[in-house]
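Remarks on the structure that follows.
The values are calculated or read from the model by the stated rules, or taken from the named source; none is laboratory data. The model shown is predicted, which means the values in this text are computed figures rather than measured ones. Here the Cβ positions follow ideal geometry from the backbone for every residue, glycine too, while neighbour counts run over all protein chains shown.
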Amino acid sequence: MDVTPTNEVERGFTIGVVIFALVGFAYVVGSITASLGQLRAMSEEASKDFWQMRRFLNQNSVDHVLAARIQRFVEYAYTRQQKTMSINQVKVLSLLSKQLMEELQSTINQPHMKVHPLFNFLNEFSFITMNRLAKESVSHMEMAQGDTLFLPEQHATCMYFVAFGRLEYVRTLESGECKEYVDKGEDWLAEPSLWTENWYHVGEAKAHTDCEVLLIDPQAFENILNVVRPVASIVAQYCRLFMVWLESLEEQEGMLTDVIQGDQVSSTIKSFLPMWMIERRDEAVLPDPAEQVRRKSITVRLKKGFSTGFQYLAGK
């Protein structure tokens, strides 16, 4: 069947459709070509960067094993960077108010920290304090497989959570080596570094896989908690009971460790928290000193800030 325009209106409509089709087709083809060109340019830039890295390693006679580790980790980090975005990459987020930025960074960091019952408790008891902790006391560190986090007898400077990947922890006992794994969402390391300046690592921790670790700075942690006196008091009580428990582990051969397996001892850790404070937090009333558990045997020196907090708790 022959379909042709028979008058001026139909001819005008036909011409309009043809022009629109030509323009639309040209736009689609142009967009696809531009996208492919952009992807090709990005790929060429990445290839050039990797080529320069390999050239640098060769020119400096880097050991083949180390060079292979470097290349593998850079490829992993580059791939992960393409899949995830950091706050710094989103420029408009710099327009956020201080509190909104704190809440955003807290939302990102808190899921890793709330594995620990104390941080989970603080989130319920003092939301603003927890927001500040998650923003100001936390830093991130990328680790390649095989990288060392700390060594035995090394002075502890941070508490650690695993944000991505897996850590391997090894300590030497009289019966031989004891190996543990630290997983995301379950475990944490070197908590005593928050409570005493005299903690030295018991074993060696290194990356079992490529991973990302959250570091809690003890000084920033202490400064933030001491701003709110009732919070400092509660944490000081937790600190005291935790250190007494740690001292009891030291008396048992082979039990002292940097790793706290959350799936095994979370109930014990929770028992150090004053659950009465959740029920009476609106009153912010401290209990009678006689109600507190008094343990005279603890000899570990607490940090000045938390010692002060404990004195407040005990009514001294």
Residue that is surrounded by the most Cβ atoms within 10 Å (Cβ to Cβ), among those in segment 228-260 that are of a type outside the set (G, A, S) and touching a strand residue (DSSP E or B) at 6+ places or on another chain (Cβ under 9 Å): D258
Checklist (1) within 14 Å of K114 (Cβ to Cβ); (2) at pLDDT 90 or above; (3) among the aliphatic types (A, V, I, L, M) applied to A134, failing item: (2)
Within segment 116-177, considering only strands (runs of 3 or more DSSP E) that don't extend past its boundaries, which have at least 3 residues that are of a type in the set (A, V, I, L, M)? 138-143, 159-164, 166-173
Residue hits (segment 134-154; closer than 13 Å to L215 by Cβ and more than 12 Å from the chain's Cα centre (by Cα)) are E136, M143, L149, F150
I'd like to check something: does segment 99-107 contain any residue that is in contact (Cβ under 8 Å) with a residue 60 or more places away in the chain and surrounded by 16 or more Cβ atoms within 10 Å (Cβ to Cβ)? no
Of the conditions (1) modelled with pLDDT of 85 or more; (2) out of contact with any Lys or Arg (no Cβ under 6 Å at 6 or more places or on another chain); (3) in a helix (DSSP H, G or I), V244 clears all except one; give me its number. (2)
Segment 204-257, residues that are among the basic types (K, R) and more than 16 Å from A156 (Cα to Cα): R229, R240
Could you tell me which residue of segment 193-241 is farthest from S266 (Cα to Cα), considering only residues that are hydroxyl-bearing (S, T, Y) and part of a loop (DSSP other than H, G, I, E, B)? T209
How about segment 203-223: which of its residues are within 21 Å of L241 (Cα to Cα) and buried (at least 21 other Cβ atoms within 10 Å of the Cβ)? I216, P218, F221
Find all pairs meeting these conditions: Cβ atoms under 9 angstrom apart; at least six residues apart or on different chains; first residue within segment 118-143 and under 15 Å from A163 (Cα atoms) and in contact (Cβ under 8 Å) with a residue 60 or more places away in the chain; second residue of a type in the set (D, E, K, R) and part of a strand (DSSP E or B). H140/E212; M141/E212; E142/E212; M143/K206; M143/E212
